[in-house]
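Undergrad: Let me give you the structure first, and then I'll get to my questions.
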Amino acid sequence: MTQFEKLYRKIIIEGNTSVSFWEIQFFIEKLGFLGRRKGDHFIYTMDGVNDIINIQPDGKAAKKYQVKQIKHIVEKYKLGGDSIGE
């Protein structure tokens, strides 16, 4: 199982919000989002997705509410499921 598959399972299937900031950035970028940085804000967009992902680190961790928002966007647009055979 790849790192992306493990994160997909952890975040999307299990609903676990305890991930590092690095992991959530990796996950978003593997989904195909393109990012830019403005201060401590990392802003991600993707063609065909009207929602914008805006994340900031909480120390080394990702903010739990932002992980939930990302989970919602992935489910809403049905992103990444083909990558893990779902």
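Undergrad: Once Lys and Arg get +1 and Asp and Glu get -1 on their Cβ, which of PHE21, ILE53, PHE33 lies farthest toward the positive end of the dipole of the chain?
TA: Comparing the listed Cα positions along the dipole, PHE21 ranks first.
Undergrad: Would you mind computing Rg(Cα) / (2.2 N^0.38 Å) for the stretch 24-86, counting N as its residues?
TA: Computed over Cα atoms of the stretch 24-86, the ratio equals 1.09.
Undergrad: In debye to the nearest 20, how big a dipole does the chain give about its Cα centre with +1 on each Lys and Arg Cβ and -1 on each Asp and Glu Cβ? Kindly include the intermediate steps, with their values, before the conclusion.
TA: Working: 14 positive and 11 negative charges, 54 e Å.
In total the dipole reaches around 260 debye.
Undergrad: So how strong a dipole does the stretch 1-43 carry about its Cα centre when Lys and Arg Cβ are +1 and Asp and Glu Cβ are -1, to the nearest 20 debye?
TA: So the magnitude is around 120 debye.
Undergrad: Quote to one decimal, in nm, the extra length available between LYS63 and ASP82 on full extension: 0.36 nm per residue of separation minus the C-alpha distance between them.
TA: Numbers: separation 19, 0.36 × 19 = 6.84 nm, distance 2.64 nm.
Once the chain is fully extended between LYS63 and ASP82, it gains 4.2 nm.
Values quoted throughout were computed directly from the atomic coordinates according to the rules given, and no laboratory measurement underlies them. Only a predicted model underlies this, so the values are computations on that prediction, with no experimental measurement involved. No Cβ is skipped: glycine too gets one built from the backbone with ideal geometry, and neighbour counts run over all protein chains shown.
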